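Enquirer: The structure under discussion is supplied below as structure tokens; questions concerning it will follow.
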Amino acid sequence: MKTQPTLLGHVGAVSGAKISVRQSPAVSSGISIIGGKSYKIGQVGSFVRIPQGYHDLYGLVSEAGANATPETLLGSTSGDSERWITVQLVGEVMGTSFERGISQYPNVNDEVHLVTESDLAAIYGVEEQGQVVVGRLASADGIPVKLDLDKLVTRHSAVLGSTGSGKSTTVASLLRSIASGVEGSDAGFPSSRILLLDIHGEYSHALSDVAKVFRINAEGTESHLHLPYWALDPTELLGFIMGRLDDKPLTAILDKIYAYKLRQAEAIPRAGLNVGSMTSDTPVPFSLKTLWFELLEPEIKTWANKEKTNPAILESGNAETLTPPKYSPHGAGTSLPMMNQIGLLGIRKPLDQLRSRLLDKRYDFLLHPGEWEPDLDGNVSKDLDDLLGEWLGHDKSITILDLSGVPSVVLQQLIGAILRILYEALFWGRGRSEGGIARPLLVVMEEAHRYLSKESTGPSRTMVQRIVKEGRKFGVGAMIVSQRPSEVDETILSQCGTFVAMRQTNSSDRSKVQASLPDNLAGIVDSLPVLRTGEAIITGEAARLPVRCRISLPPEGYRPNSEDPEVAKAWASERRTENYERLAAAWRAQNSQWAANRITRTPINEEQNIAMEREPVTSSNVISVGYDAALETLEVEFQNGIYQYYNVPQPIHDEMMAADSIGKFMHAYIKPSYPCAKV
Ligand SMILES: Nc1ncnc2c1ncn2[C@@H]1O[C@H](COP(=O)(O)OP(=O)(O)OP(=O)(O)O)[C@@H](O)[C@H]1O
Ligand SMILES: [Mg+2]
């Protein structure tokens, strides 16, 4: 007679953490009903419990059926008639506290039980400080999955999965739950400090209420992203702004930079800066314009006399405007004017590249960093402390550095520089209350394969390696997010203590994930290709148990800007007139919001106003609409006033009048696209 409904079978063989379980004949139906809920028996990835008197061992089913039958029994009659499952032991529960690892192995013939919702609730349900909810168990909706925040941050973590598997959504959901708590539960962590490197600009919208956003083309409440070039490693900076340099000119230029920095440090003493132990690497401002100007001089100079005392100068240049000086061209052979030989480095081309970089608008955030841009003598109005304060010292939990406008050639350098500034500051300031130990920092790196690849020689990889190796001691944690784990540097992945593995279809990526996972979970990893979107296997230090979890989807409006386009719906809608000028303009401006920026909002006066007849319409916020085809002007009366939109083509107006919702049409096609004025 079956007395225990949860009994699954008995231990048949034990070899290390892997045990073979003989299923009892009573549960051969495959389904057991306990407390009104049905449980599938022997599902790969489900939990089993092996009671051991005072404590319970917990294991995961990794194999079932023929493969699980112990080899010695294969072919024998009893082996054929019995059903077996293989279980990987993962930890034990004493009272309600779960510990990974086991202190004692089970014995042959010990009972093996199904794990019910109430067992899991006992493990997950314990209210403890420092836990953050990420989702719910895939097998039991009612049980929240929590992560241990201490371990998550200090032991680093990785969120891995194919494109579209839900990584960004997971990150947004997790960060929101850290910053503001989950609806109806704990209140979050008000002093949490998280920096998100947002490569595609997906998050600013999703986390707008809990984050401060820095962006190159900042709009509205966003702040401008500035990264002073003088805080970068000068060798790397030169590599980017001047191209490859030979040893001799490189050394000469570094010496020059050192001299500038020294002069600046002596002129304006900075707290903590010891002039005696400075190097060219010390983050002290210097002017690139001055550097360019002074390096160019010897390259183009000519002399009017044989003694080389009178320069044959025609026009003196201007460092501020990057105008080179003009000299008379040198004569042939020994005739005058003579070419200059003193201080010549033969770097005309690299200098031209430097000048064009300085003039290139796309690099303004780095080479002309607002108030951090030094004048020709290297004086700045804002220094590094202001930068750190802006990035880390605001009242929000999350800082988003939106790097979507950054040209990809500098991405590596840039991220390396950002991490270096943050890490060095938190490292050296570790004893202070703003430092990493008193207020740890979590750095989330999206699309990590782009700048942390095995091949990359850039500074970002070295910096992240440093963070994952020693950041724990100084309160800096890393979260690596990538769709190509096989391309991410191995040292970095192997240092991650917690893994959120989402659907992974590519087999080389999958084996990489498997190899990096901290727990021994052969069976559960095989389910990686069949995970649903938004489902993850969470294992490692921060998870109580390795689990398959359904990540909670953030509420509408708080999801990352990466939703899949609805192809069929978009293609099924009626064609409208298109204007590709806007696309080209947005591209040239390197700003996806270009058209919206152009809108003028100065009210126009009575005389300029074109008197127009408006037709009343039925819409919740639009009262009436008028249109002048000759002037291509559209006039709309809203609840809060009348606006005119200019250059609106006739077909657009006609379509608007025919639209299901005039308000929605206005919002989607008119407001972001045409210049307007309040009447
Ligand atoms: N937990 C979830 N529940 C339901 N749908 C989800 C969930 N997570 C993500 N999705 C949906 O999956 C799609 C892709 O999500 P997301 O942008 O997070 O993927 P990703 O892994 O970051 O992709 P990529 O590698 O291309 O950046 C989105 O349309 C999103 O709404
Ligand atoms: Mg993503």
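The values are calculated or read from the model by the stated rules, or taken from the named source; none is laboratory data. What you see is a predicted model; the values in this text were computed from it and never measured. Methodologically, a virtual Cβ is constructed for each residue, glycine included, from the backbone with ideal geometry; neighbour enumeration extends over all protein chains shown.
Enquirer: For the structure I just gave you, tell me whether Thr170 is in contact with a Gly (Cβ under 9 Å, 6 or more places away or on another chain) and within 16 Å of ligand 2 (Cβ to nearest atom).
Expert: In short, yes.
Enquirer: Take the conditions more than 16 Å from ligand 2 (Cβ to nearest atom), of a type in the set (Lys, Arg) and without any contact (Cβ under 8 Å) to a residue 24 or more places away in the chain and apply them to Arg244. Does it pass?
Expert: Working: more than 16 Å from ligand 2 (Cβ to nearest atom): yes; of a type in the set (Lys, Arg): yes; without any contact (Cβ under 8 Å) to a residue 24 or more places away in the chain: yes.
Against the criterion (more than 16 Å from ligand 2 (Cβ to nearest atom), of a type in the set (Lys, Arg) and without any contact (Cβ under 8 Å) to a residue 24 or more places away in the chain), Arg244 qualifies.
Enquirer: For the stretch 207-224, state whether one or more residues are within 16 Å of ligand 1 (Cβ to nearest atom) and out of contact with any Gly (no Cβ under 8 Å at 6 or more places or on another chain).
Expert: Within the stretch 207-224, one or more residues are within 16 Å of ligand 1 (Cβ to nearest atom) and out of contact with any Gly (no Cβ under 8 Å at 6 or more places or on another chain).
Enquirer: Of all residues in the stretch 102-143, how many are in a loop (DSSP other than H, G, I, E, B), over 18 Å from Gly59 (Cβ atoms) and charged (D, E, K, R)?
Expert: Qualifying residue count, the stretch 102-143: 3.
Enquirer: Still on this structure, I have one more. Is there a residue in the stretch 155-165 that is buried (at least 23 other Cβ atoms within 10 Å of the Cβ) and more than 16 Å from ligand 1 (Cβ to nearest atom)?
Expert: Kept after step one, since they are buried (at least 23 other Cβ atoms within 10 Å of the Cβ), are these residues of the stretch 155-165: 156-161, 165.
Imposing the further condition that a residue be more than 16 Å from ligand 1 (Cβ to nearest atom) reduces the set to 156.
Yes, that holds for at least one residue.
Enquirer: Now for a separate question. Among the residues of the stretch 396-406, count how many are under 17 Å from His224 (Cβ atoms) and over 13 Å from the mean Cα position of the chain (by Cα).
Expert: 3
Enquirer: Still on this model: Having 1 or more residues that are closer than 23 Å to Gly405 by Cβ is the bar; report the strands (runs of 3 or more DSSP E) wholly within the stretch 150-234 that clear it.
Expert: Result: 194-198, 211-215.
Enquirer: Could you go through the stretch 481-504 and let me know if any residue there is closer than 23 Å to Leu137 by Cα and free of Cβ contacts under 8 Å to residues at least 40 places away in the same chain.
Expert: No, every residue in the stretch 481-504 fails to be closer than 23 Å to Leu137 by Cα and free of Cβ contacts under 8 Å to residues at least 40 places away in the same chain.
Enquirer: Further, regarding this structure: Return a yes/no flag: does the stretch 168-178 have any residue that is away from ligand 1 (no atom under 11 Å from the Cβ) and surrounded by fewer than 20 Cβ atoms within 10 Å (Cβ to Cβ).
Expert: No, because not a single residue in the stretch 168-178 is away from ligand 1 (no atom under 11 Å from the Cβ) and surrounded by fewer than 20 Cβ atoms within 10 Å (Cβ to Cβ).
Enquirer: Going residue by residue through the stretch 386-396, is there one that turns out to be closer than 17 Å to Lys212 by Cβ and aromatic (Phe, Trp, Tyr)?
Expert: Of the stretch 386-396, the ones closer than 17 Å to Lys212 by Cβ are 386-396.
Remaining after also requiring aromatic (Phe, Trp, Tyr): 391.
The answer is yes, given that some residue of the stretch 386-396 is closer than 17 Å to Lys212 by Cβ and aromatic (Phe, Trp, Tyr).
Enquirer: Another question, then. Mind listing whichever residues of the stretch 353-370 are more than 17 Å from Arg215 (Cα to Cα) and touching a residue at least 60 places away in the same chain (Cβ under 8 Å)?
Expert: Gln353, Leu354, Arg355, Arg357, Leu358
Enquirer: Here are Leu120, Leu149, Leu232: which of them is within 30 Å of Tyr260 (Cβ to Cβ), more than 16 Å from ligand 1 (Cβ to nearest atom) and in contact (Cβ under 8 Å) with a residue 12 or more places away in the chain? Don't jump to the end; show me each part of the working.
Expert: Details: Leu120 fails: within 30 Å of Tyr260 (Cβ to Cβ); Leu149 fails: within 30 Å of Tyr260 (Cβ to Cβ).
Being within 30 Å of Tyr260 (Cβ to Cβ), more than 16 Å from ligand 1 (Cβ to nearest atom) and in contact (Cβ under 8 Å) with a residue 12 or more places away in the chain holds for just one of Leu120, Leu149, Leu232, which is Leu232.
Residue by residue, here is whether (1) crowded, with 20+ Cβ neighbours inside 10 Å; (2) polar (S, T, N, Q) holds:
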site	(1), (2)
Asp375	no, no
Ser397	yes, yes
Leu403	yes, no
Leu411	no, no
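Enquirer: Can we say Lys261 is touching a Leu at 6+ places or on another chain (Cβ under 8 Å), touching a residue at least 40 places away in the same chain (Cβ under 8 Å) and over 18 Å from Leu419 (Cα atoms)?
Expert: no
Enquirer: Please identify the pairs in which a residue from the stretch 371-395 that is within 13 Å of Ala231 (Cα to Cα) and modelled with pLDDT of 90 or more has its Cβ atom under 6 Å from the Cβ atom of a residue that is charged (D, E, K, R) and part of a loop (DSSP other than H, G, I, E, B), counting only partners at least 6 apart or on another chain.
Expert: Every condition considered, the pairs that remain are Trp372/Lys382.
Each row is one residue, and each column tells you yes or no for (1) within 16 Å of ligand 2 (Cβ to nearest atom); (2) among the hydrophobic types (A, V, I, L, M, F, W, C); (3) farther than 19 Å from Trp391 by Cα.
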residue	(1), (2), (3)
Leu419	no, yes, no
Phe427	no, yes, no
Ser433	no, no, no
Ala438	no, yes, no
His449	yes, no, yes
Leu452	yes, yes, yes
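Enquirer: Might you let me know whether the stretch 235-250 holds any residue that is among the acidic types (Asp, Glu), in a loop (DSSP other than H, G, I, E, B) and within 32 Å of the chain's Cα centre (by Cα)?
Expert: Residues of the stretch 235-250 that are among the acidic types (Asp, Glu), as a first pass: 236, 246-247.
The next check asks that each one be in a loop (DSSP other than H, G, I, E, B); those that pass are 246.
Retained after the next criterion (residues that are within 32 Å of the chain's Cα centre (by Cα)): none.
Scanning the stretch 235-250 turns up no residue that is among the acidic types (Asp, Glu), in a loop (DSSP other than H, G, I, E, B) and within 32 Å of the chain's Cα centre (by Cα).
Enquirer: Hey, another quick one. Can you tell me which condition Arg544 does not meet? The list is (1) in contact with a Phe, Trp or Tyr (Cβ under 9 Å, 6 or more places away or on another chain); (2) under 26 Å from Gly201 (Cα atoms), and all the others hold.
Expert: Answer for Arg544: the failing condition is (2).
Enquirer: Which residue, of Val21, Val11, is assigned to a strand (DSSP E or B), closer than 24 Å to Gly101 by Cβ, of a type outside the set (Asp, Glu) and in contact with an Asp or Glu (Cβ under 8 Å, 6 or more places away or on another chain)?
Expert: Step by step, each of Val21, Val11 is checked, and only Val11 is assigned to a strand (DSSP E or B), closer than 24 Å to Gly101 by Cβ, of a type outside the set (Asp, Glu) and in contact with an Asp or Glu (Cβ under 8 Å, 6 or more places away or on another chain).
Enquirer: With the structure loaded, tell me whether Asp386 is within 29 Å of Thr154 (Cα to Cα) and buried (at least 20 other Cβ atoms within 10 Å of the Cβ) or whether it fails that test. Before the answer, list the steps.
Expert: Details: within 29 Å of Thr154 (Cα to Cα): yes; buried (at least 20 other Cβ atoms within 10 Å of the Cβ): no.
Answer is no for this residue.
A quick yes/no check of all residues on (1) hydrophobic (A, V, I, L, M, F, W, C); (2) in contact with a strand residue (DSSP E or B) (Cβ under 9 Å, 6 or more places away or on another chain); (3) touching a residue at least 60 places away in the same chain (Cβ under 8 Å); (4) not assigned by TED's automatic domain parsing to the domain that holds Ile524:
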residue	(1), (2), (3), (4)
Ala13	yes, yes, yes, yes
Ala26	yes, yes, no, yes
Ser32	no, yes, yes, yes
Lys37	no, no, yes, yes
Ile41	yes, yes, yes, yes
Ser46	no, yes, yes, yes
Ile50	yes, yes, yes, yes
Gly53	no, no, no, yes
Tyr58	no, yes, yes, yes
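Enquirer: Still on this structure, I have one more. Across the stretch 475-514, what is the number of residues that are assigned to a helix (DSSP H, G or I) and more than 16 Å from ligand 1 (Cβ to nearest atom)?
Expert: So the count comes out to 9.
Enquirer: Only one of these conditions is not met by Gly181: (1) in contact (Cβ under 8 Å) with a residue 24 or more places away in the chain; (2) over 11 Å from the mean Cα position of the chain (by Cα); (3) away from ligand 1 (no atom under 16 Å from the Cβ). Which number is it?
Expert: (1)
Enquirer: Same structure again: Would you confirm whether any residue within the stretch 540-563 is within 16 Å of ligand 1 (Cβ to nearest atom), surrounded by fewer than 13 Cβ atoms within 10 Å (Cβ to Cβ) and either at pLDDT below 75 or of a type in the set (S, T, N, Q) (or both)?
Expert: yes
So that you can scan it fast, the table gives a plain yes or no per residue for (1) among the aliphatic types (A, V, I, L, M); (2) at pLDDT 90 or above:
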position: Gly166; (1), (2): no, yes
position: Gly181; (1), (2): no, no
position: Asp186; (1), (2): no, no
position: Phe189; (1), (2): no, no
position: Ile199; (1), (2): yes, yes
position: Tyr203; (1), (2): no, yes
position: Asp209; (1), (2): no, no
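Enquirer: Those residues that are closer than 16 Å to Leu441 by Cα and either touching a His at 6+ places or on another chain (Cβ under 6 Å) or among the acidic types (Asp, Glu) (or both), I need them from the stretch 133-176; list them, please.
Expert: Correct list: Asp148, Asp150.
Enquirer: I'm checking my understanding of the structure. Among residues of the stretch 437-451 that are of a type in the set (A, V, I, L, M, F, W, C) and in a loop (DSSP other than H, G, I, E, B), which one is nearest to Pro485 (Cα to Cα)? Write out each step before concluding.
Expert: Let us first name the residues in the stretch 437-451 that are of a type in the set (A, V, I, L, M, F, W, C), namely 437-438, 441-445, 448.
With in a loop (DSSP other than H, G, I, E, B) added as a condition, the list becomes 437-438.
Values: Ile437: 30, Ala438: 32 Å.
Per the criteria, the residue is Ile437.
Enquirer: For the stretch 537-570, how many residues are within 16 Å of ligand 2 (Cβ to nearest atom) and in contact (Cβ under 8 Å) with a residue 12 or more places away in the chain?
Expert: 9
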